[in-house]
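Engineer: Once you've had a glance at the structure underneath, I'll fire off some questions.
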Amino acid sequence: LMLLVQPLNFLGFVYREIKQSLVDMEKMFELLFVGREIDDSPSARTLEVRDAAIEFKDVDFGYEGNRQILHKVSFRVEPGTKVAIVGPSGAGKSTISRILFRFYDVNAGRVTIDGQDIRDVTQASLRAAIGIVPQDTVLFNDTIRYNIAYGRPGASDAEIEEAARLASIDTFIERLPDGFDTIVGERGLKLSGGEKQRVAIARTILKGPQILLFDEATSALDSKTEKEIQASLSEVSQNRTTLVIAHRLSTVVDADEILVLDGGRIVERGTHTHLLEMQGQYAEMWARQQEAATYQEKLEQALT
Ligand code: ATP
């Protein structure tokens, strides 16, 4: 009987391994090709990034049928500056990031990078120019080193460690049982949302793109984690054209311009100080979040 059971056990093991690898691959494809129904146009050229200026000009967009999600959205992100998009849930913030990464094409208006319409360039060159830190980062069932190196296959250990340091996740990694060789992911050590996002930031630092798209996680973070993510984000966005989709206003205080989106329309825009002076929707959101932050800090203090 043992002769029969052992190979079956082995087959079971092989089956589970293959199944898990397929799950990994599926996740990777989801990550890379979410909603990708768009093909390169036959005359598509390589995107030539010079200063990395982004422009949305009168963009109208709807996912399907006649429900329009974005209405005449126009803004510019000047080279090396940071623009943040804030607004209530469902306003269309993440839709803007999906359009920039060209998961979808606009219905009207246009999106350009250094004057080149993103519909006229190859998707490979567009996506090579943009580093995304998504809301929910996919980790592979592999070492943390591999997960960071994924940003630039072939990176040296020294480069990986430097990226981890800049993303302020190095101390956390050094405390793990096997350091950079610790297996993470579904079958390994599970990381918190904030830790995963810092792995994504380290990946992006390694990739070194000229444009950065940061989709902040909606999930609440404790104030320490939030500060750490904040620090690594400002590190990675230095001298890069950055678009931040923000859920917490503390993330956007230093942005060169903040766009307040509501119902798919930009209803207010300006710097943090300017928007507070306007005493409109942004000022109201700020007051509410300040209250919530004070309450959270008190709660954290009481619990420690
Ligand atoms: P949140 O702060 O909750 O993440 P958001 O401002 O990022 O919200 P979006 O995710 O851009 O909002 O969604 C804007 C609108 O588009 C919502 O009404 C949403 O239901 C709709 N929507 C988003 N994704 C799709 C999709 N794949 N197909 C159809 N409608 C969608």
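The values are calculated or read from the model by the stated rules, or taken from the named source; none is laboratory data. Note that this is a predicted model, so its numbers are computed, not measured. All Cβ positions, glycine included, derive from the backbone under ideal geometry; neighbour counts span all protein chains shown.
Engineer: How many residues does region 101-120 contain that are within 16 Å of residue 241 (Cβ to Cβ), at pLDDT 95 or above and of a type in the set (A, V, I, L, M, F, W, C)? Please lay out each step first, then the result.
Structural biologist: Here is the first cut: in region 101-120, the residues within 16 Å of residue 241 (Cβ to Cβ) are 101, 111-116, 118.
Applying the additional criterion that residues be at pLDDT 95 or above yields 111-116, 118.
From what's left, of a type in the set (A, V, I, L, M, F, W, C): 111, 113, 118.
Residues flagged as within 16 Å of residue 241 (Cβ to Cβ), at pLDDT 95 or above and of a type in the set (A, V, I, L, M, F, W, C) within region 101-120 amount to 3.
Engineer: Filter region 53-90 for residues that are surrounded by fewer than 22 Cβ atoms within 10 Å (Cβ to Cβ) and of a type in the set (Gly, Ala, Ser); which is farthest from the ligand (Cβ to nearest atom)?
Structural biologist: Looking at the filtered set, the residue picked out is 80.
Engineer: Checking residue 264 against (1) under 28 Å from residue 75 (Cα atoms); (2) among the small types (Gly, Ala, Ser); (3) at pLDDT below 95, which single condition isn't satisfied?
Structural biologist: Of the numbered conditions (1) under 28 Å from residue 75 (Cα atoms); (2) among the small types (Gly, Ala, Ser); (3) at pLDDT below 95, the odd one out for residue 264 is (3).
Engineer: Ok, one more. When residue 117 is evaluated against the numbered criteria (1) more than 30 Å from residue 194 (Cα to Cα); (2) of a type outside the set (S, T, N, Q); (3) surrounded by fewer than 21 Cβ atoms within 10 Å (Cβ to Cβ); (4) within 13 Å of the ligand (Cβ to nearest atom), which criterion, by number, is the only one it fails?
Structural biologist: It is condition (4) that residue 117 fails.
Engineer: Sort out which residues of region 176-194 are closer than 14 Å to residue 145 by Cα and of a type outside the set (A, V, I, L, M, F, W, C), and write them in order of number.
Structural biologist: The answer is 177, 178, 179, 181, 182, 185, 188.
Engineer: So, one more: Among the listed residues 294, 242, 271, which satisfies the condition of being away from the ligand (no atom under 16 Å from the Cβ) and touching a Phe, Trp or Tyr at 6+ places or on another chain (Cβ under 8 Å)?
Structural biologist: The match here is 242.
Engineer: Is there a residue in region 138-148 that is in contact with a Ser or Thr (Cβ under 7 Å, 6 or more places away or on another chain) and closer than 29 Å to residue 226 by Cα? Write out each step before concluding.
Structural biologist: Of all residues in region 138-148, those in contact with a Ser or Thr (Cβ under 7 Å, 6 or more places away or on another chain) come to 143-144.
Restricting the remaining residues to those that are closer than 29 Å to residue 226 by Cα gives 143-144.
Yes, some residue in region 138-148 is in contact with a Ser or Thr (Cβ under 7 Å, 6 or more places away or on another chain) and closer than 29 Å to residue 226 by Cα.
Engineer: Continuing with this model, one more query. In region 36-52, what count of residues is obtained for those that are surrounded by 12 or more Cβ atoms within 10 Å (Cβ to Cβ) and either modelled with pLDDT under 85 or in contact with a Phe, Trp or Tyr (Cβ under 8 Å, 6 or more places away or on another chain) (or both)?
Structural biologist: Count: 2.
Engineer: May I pose another question? Criterion first (of a type outside the set (Ser, Thr, Tyr) and either under 21 Å from the mean Cα position of the chain (by Cα) or at pLDDT below 95 (or both)) does residue 123 satisfy it?
Structural biologist: Working: of a type outside the set (Ser, Thr, Tyr): yes; either under 21 Å from the mean Cα position of the chain (by Cα) or at pLDDT below 95 (or both): yes.
So residue 123 fits the description; yes.
Engineer: Does region 184-218 hold any residues that are surrounded by fewer than 18 Cβ atoms within 10 Å (Cβ to Cβ) and farther than 20 Å from residue 242 by Cα, and which are they?
Structural biologist: Result: 186, 187, 188, 189, 190, 192, 193.
Engineer: Considering only region 187-200, I want to know if a residue exists there that is under 30 Å from residue 72 (Cβ atoms), touching a residue at least 60 places away in the same chain (Cβ under 8 Å), in a helix (DSSP H, G or I) and under 18 Å from the mean Cα position of the chain (by Cα). Break it down into steps so the answer makes sense when it comes.
Structural biologist: First pass over region 187-200, keeping only residues under 30 Å from residue 72 (Cβ atoms): none.
No, region 187-200 contains no residue that is under 30 Å from residue 72 (Cβ atoms), touching a residue at least 60 places away in the same chain (Cβ under 8 Å), in a helix (DSSP H, G or I) and under 18 Å from the mean Cα position of the chain (by Cα).
For (1) surrounded by fewer than 18 Cβ atoms within 10 Å (Cβ to Cβ); (2) away from the ligand (no atom under 16 Å from the Cβ); (3) touching a residue at least 40 places away in the same chain (Cβ under 8 Å), each residue gets a yes or a no:
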| residue | (1), (2), (3) |
| --- | --- |
| 92 | no, no, yes |
| 140 | no, yes, yes |
| 152 | yes, yes, yes |
| 160 | no, yes, yes |
| 167 | no, yes, yes |
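Engineer: Checking residue 136 against (1) within 17 Å of the chain's Cα centre (by Cα); (2) crowded, with 16+ Cβ neighbours inside 10 Å, only one condition comes out false. Which one?
Structural biologist: Of everything listed in (1) within 17 Å of the chain's Cα centre (by Cα); (2) crowded, with 16+ Cβ neighbours inside 10 Å, residue 136 misses just condition (2).
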